[in-house]
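One structure is given below, encoded as structure tokens.
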Amino acid sequence: MRKNTPIWSSGSKTKGTPSETTPGIIRIGEALRRRDRERNYETDTVLERLTGAKPTLFRAPYGAVSADVTTAAAETGHLMIGWSVDTMDWDGKNVAQILAAVRKEGKPGSIVLQHSAGGKNGNLSNTVAALPQIISYFQKNGYAFVTVPELLSDK
């Protein structure tokens, strides 16, 4: 595994009611950030022990970026990243549909989102089958594969 690759994510959502006061909302936000910081530190510790590298990148689950998630990531020293191509592979899209998304949305600097777990009925054979074709498509069109930190350093 390469150092500083995005390999984990965590997040939280809060819902408020009209009767909550601002100080209450602030305390809820602080509690959620504290919880997320603790989770992030615990996850970082395990991953650093396993890989020898501390994760520095953070992808919010479902792309659900909020002020609390952004603050928690920053407080644990993580840079927020996202993606620019969503293959929707988890939703059971077939290989042709996955490739169509990549061809339509892929461009220099793209980050392609695919999954390694989940999928319709726990099946991601579509993802596995599409990946070599995605790689071939990008290579035939002159693209190179780099880590996210390398991609960001070119910006």
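How many percent of the accessible area of region 50-91 is carbon or sulfur, using a 1.4 Å probe? Kindly include the intermediate steps, with their values, before the conclusion.
Working: 1220 of 1950 Å².
C and S fraction of accessible area: 63 percent.
Less than 13 Å Cβ to Cβ from Leu113, Lys/Arg counted +1 and Asp/Glu -1: what total charge do the surrounding residues give?
-2
Test of understanding: express the Cα radius of gyration of region 98-155 as a ratio to 2.2 N^0.38 Å, with N the residue count.
Ratio of Rg to 2.2 N^0.38 Å for region 98-155: 1.23.
Ordered by packing density, taken as the mean number of other Cβ atoms within 10 Å over each peptide's residues, highest first, how do 147-153, 109-115 rank? Walk me through the numbers on the way to the answer.
Numbers: 147-153: 13.9, 109-115: 15.9.
By packing density, highest mean first, the sequence is 109-115, 147-153.
Accessible area per residue, 1.4 Å probe, Å², for region 99-148: what's the number?
Normalised by residue count, the accessible surface of region 99-148 is 63 Å².
Give me the aspartates and glutamates in straight-line cross-link reach of Lys120: C-alpha distance below 15 Å, same-chain residues under 8 apart excluded.
Filter leaves Asp89, Asp91.
The values are calculated or read from the model by the stated rules, or taken from the named source; none is laboratory data. Predicted model, so just to flag it, every value in this text is computed and none were measured. No Cβ is skipped: glycine too gets one built from the backbone with ideal geometry, and neighbour counts run over all protein chains shown. The accessibility values were calculated without ligands, DNA or RNA, using every heavy atom of the protein model including side chains. Shrake-Rupley method; radii C 1.70, N 1.55, O 1.52, S 1.80 Å.
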